[in-house]
Each structure stands twice: as structure tokens, then as C-alpha cells.
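To keep things clear, I will list the structure first and then write my remarks on it.
The values are calculated or read from the model by the stated rules, or taken from the named source; none is laboratory data. These numbers come from a predicted model, not from an experiment. Cβ placement follows ideal geometry from the backbone for every residue including glycine, while neighbour counts extend to all protein chains displayed.
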Amino acid sequence: MNQKNKILHIISGLGKGGAEKILYRLILNDQLFQHEVISLSNENFYKAKFEKINVSVKSLNLKRGKLGLVSIFKLIKFIKDSKPSIIHTWMYHSDLLGGLIGKLLGHKNIIWCVRNSSIDKNFTSFKTRLVISLCAFFSKYIPKKIINCSKASNQLHQNMGYPKEKCVVVNNGVDTSIYKPLMLANENLKTILNIKDNKLILGMVARWDAQKDLNTFLNALKILKNETEHQWHAILVGNGLDQNNEQLVKDVDLRGLKNHISLLGFKNNLVSIYNSFDVCVLTSAYGEGFPNVIAEAMSCGIPCIGTDVGDTKNIINNTGWIFSLKNSEELKNQIKETFEEIKQGKQWLLRKKLARERIVSNFTFSSMLKNYQLEWKNIL
């Protein structure tokens, strides 16, 4: 029996983010290669999941912004012990550190995976901006291939100086056999949260992060409350979006939204969550490459409203709405449009159908997996 080629994945952390989720699903479903994972940080949400499928995970347990000689020597040892055929790094810090050490150790088959579509200087630390600049410089020398998760990400990085001939786009993909329409999810959640049947559910799946620009959503809801107070209820789902977040609770209370918003925090089963929404909203102000939330919600047949960041507009296409960055008034108007369309019934059902068809036809997990496997094969 032939020994499978080994891919060593080096990732900045194994927290609850989109890149970590994509990496886990790729390894879980790939049968062509052997995989090992190194995590730079002490974020280890996915570590147990990898270990359950017998994938070796080693961690440097770095705290944010902390890197010493001991950690560098540990990473050198991990890479030497692994003896991989391919080193595949994920996100800037791993691209730079893992890629540079891998190159110095003589590895030629190095793949970088980059995901951002824009860099906001107001919310990006000097250290991170320095790392990004160094990545742009070393992109000419370290990686043999650079995988972008979206067209927007690809354009950004080529503009930064990443070699065009090395860059390729592999869109994120959704498992449409899992993320699919479910009956009664909306009614069930309303029962659990004691929400009246006649109220429409405005949903957001995100995390507590400046990138997600939750203030724009909250400001839109404040305006909406004064115009359509009894027609809707908002649900926020994701890491940090819960009652333990004192700042978020304060932001909600100051806008008079306490009785109009449920903060559910992190949830594992997003399929039923998406299906409980009437419409899904994403207000990201920068940085999104390929927003998984939009694609997953649409795969469940939920129309979306999003900002023109990353590939959001390309994913939504003509199945939903795009509004201007930080424009709460415009977002409020688009939410009201959805209310009117839902009342009409027939047009809304068609929109739900088109949303799912858009994902099934263009952004499936199986196509993403095949494209990654093709890049892995071609680099050898």
C-alpha cells in the first residue's frame, strides 16, 4: 500500500473562526493525503475535534503578540519531526513564520492561504500591519502557490505585490446536504424564546469584533423600532454575543432594544439557527474575504442583507440586498423591504428558492475540496 503524502498545516490558531472551520472540514473529508496541524496560539477550540479523527495537533500556545526564541525552536522541531511533503500555512502570521522557517529548513512545497479582502488601519495593530507588509515582500520567495478564498482577496493581495502567477482563487464551499431548509425551525425558536408568532426574525451570526460592525446593525434596529416596533425580533448568535458581554448589553440597552433582541452567544448547530431566521444580516465593515455566514444562510434558503465587503456581493448576487458600509438608514430601509416582500408571499418564496440555488450551483463544499486537492497534487 502506497504511503500517502503528508501535509503539515500551520495555522495562527484553532479558535471558532471561518478559516479554522474550513481547515477542519477539508481534513475530515480528504482521503488522498495524510494531515498534521500546528497551531501557533493558545486558541484550541478545534483541537479536540481534530484529535477525534486521529489528526495530530501540536500547539505553540503563544499569547497574542508574544513570540520568543523558545517558541521558534519548538516550531523548528515540530516541522523537522513531521517531515511533510507539503507545508500549508493559513493566515498572515502563520504564512510568515511557518513559511519562513519551512523555507530555511529546505522545504520547497509551501502553500500560503490568505483570506482578507481589505486592511483597516484603524482596527489593525502596528505589529499585524508589519507582518502583512513582510508577507507581501516574502510572497515572491517563500510560497510556491498562494490560495485566496475569494476574488476580492485575490485582487487585494496582487495589489499588495503578491505575484500574480502564484495566486489562485479557491472559494469557500458549503455542505449543502447539511445546510438545507428545515421545517418548523422558525416556530420552534419562537416558542423557546417566547417570541410572538407574528414577529419576523432578523438574524445575525458573527462574533464580538470591530470588523463585524455590530453598531451599524444596532443603530438600524433603533430606527426600525420607532417605525415598526411590533413586527420583528432580532437574534444575535456567535462568540461573545451573549449576556456576559457587558459592553454589548449596555449598547443594546442604550438604544432601547432590550425587549427586541435575544443574545444567544456561540452555538454549535447553526443549521437550525439559520432556519429560524426570516432574513440574515451581516454588517462587516472590512476584512471579509468569503463570508461563510452568508453562504451557509443562503444554502438554508434564507435571503441575506450584507455590505459590499469581500465577495459578499458576488455571493448574494440577485437573491438579496447590499447596503453601503456603516449606513444604518439604508440597512433599515432594506429590512423594511423584506417585510413588505414577506407579506406578498409568492415573491419571497421565490427569493428563498433562488438563494439556495445560488449556493448549490456555485459554492459547494465538494467543489472546494476538489480544488484544494488539485492544488495539493499540482505542487508536488
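For region 280-302, which residues satisfy the criterion of being farther than 21 Å from F365 by Cβ, surrounded by 23 or more Cβ atoms within 10 Å (Cβ to Cβ) and in contact with a Phe, Trp or Tyr (Cβ under 9 Å, 6 or more places away or on another chain)? Step through it out loud before you land on a result.
Here is the first cut: in region 280-302, the ones farther than 21 Å from F365 by Cβ are 281, 283-287.
In the following step, the residues that additionally are surrounded by 23 or more Cβ atoms within 10 Å (Cβ to Cβ) were identified as 281, 283-284.
Once the filter is applied, which keeps residues that are farther than 21 Å from F365 by Cβ, surrounded by 23 or more Cβ atoms within 10 Å (Cβ to Cβ) and in contact with a Phe, Trp or Tyr (Cβ under 9 Å, 6 or more places away or on another chain), region 280-302 yields V281, T283.
When you scan region 151-198, how many residues do you find that are more than 20 Å from L270 (Cα to Cα) and either of a type outside the set (S, T, Y) or outside the structural domain of W112 (by TED's automatic domain parsing) (or both)?
At the first step, the residues of region 151-198 found to be more than 20 Å from L270 (Cα to Cα) are 151-171, 196-198.
Subset that is either of a type outside the set (S, T, Y) or outside the structural domain of W112 (by TED's automatic domain parsing) (or both): 151-152, 154-161, 163-171, 196-198.
Qualifying residue count for the region: 22.
Just one of I147, I76, I178 is surrounded by fewer than 16 Cβ atoms within 10 Å (Cβ to Cβ), of a type outside the set (D, E), within 30 Å of L354 (Cβ to Cβ) and in contact (Cβ under 8 Å) with a residue 12 or more places away in the chain; which is it?
None of the other options fit; the residue is I178.
Restricting attention to region 318-369, which residues are within 13 Å of D278 (Cα to Cα) and outside any helix (DSSP H, G or I)?
Those that are within 13 Å of D278 (Cα to Cα) and outside any helix (DSSP H, G or I): G320, G345.
I'd like the full set of residues that are of a type in the set (V, I, T), closer than 21 Å to T128 by Cβ and assigned to a helix (DSSP H, G or I), limited to region 73-93. Write out each step before concluding.
Taking region 73-93 first, the residues of a type in the set (V, I, T) are 76, 79, 86-87, 89.
If we keep only those that are closer than 21 Å to T128 by Cβ too, we end up with 89.
Result: no residue meets the conditions.
Taking region 178-200, which residues are touching a strand residue (DSSP E or B) at 6+ places or on another chain (Cβ under 6 Å) and β-branched (V, I, T)?
I195
May I ask you to say which residue of I335, I342 is touching a helix residue (DSSP H, G or I) at 6+ places or on another chain (Cβ under 9 Å), more than 26 Å from A285 (Cα to Cα), buried (at least 17 other Cβ atoms within 10 Å of the Cβ) and aliphatic (A, V, I, L, M)?
I342
Say whether the condition of being of a type outside the set (S, T, Y) and surrounded by 23 or more Cβ atoms within 10 Å (Cβ to Cβ) is met by at least one residue in region 123-139.
Yes: region 123-139 contains one or more residues that are of a type outside the set (S, T, Y) and surrounded by 23 or more Cβ atoms within 10 Å (Cβ to Cβ).
I'm told G161 meets every condition in (1) within 25 Å of N292 (Cα to Cα); (2) in contact with a helix residue (DSSP H, G or I) (Cβ under 6 Å, 6 or more places away or on another chain) except one. Can you identify the failing condition by its number?
(1)
Sort through F50, F78, F123 and tell me the only one that's within 22 Å of the chain's Cα centre (by Cα) and either at pLDDT 95 or above or within 27 Å of L270 (Cα to Cα) (or both).
F50
Can you pull out the residues in region 1-49 that are small (G, A, S), assigned to a strand (DSSP E or B) and farther than 21 Å from G289 by Cβ?
none
From G301, G310, which residue is modelled with pLDDT under 95, on the phi > 0 side of the Ramachandran plot and under 23 Å from the mean Cα position of the chain (by Cα)?
Every option except G310 fails the conditions.
What residue, of L257, L224, L270, L248, is under 28 Å from D120 (Cα atoms) and either under 15 Å from the mean Cα position of the chain (by Cα) or hydrophobic (A, V, I, L, M, F, W, C) (or both)?
L248
Please work out which residue is nearest to P303 (Cα to Cα), limiting yourself to region 317-332 and to residues that are surrounded by fewer than 16 Cβ atoms within 10 Å (Cβ to Cβ) and touching a residue at least 40 places away in the same chain (Cβ under 8 Å).
N317
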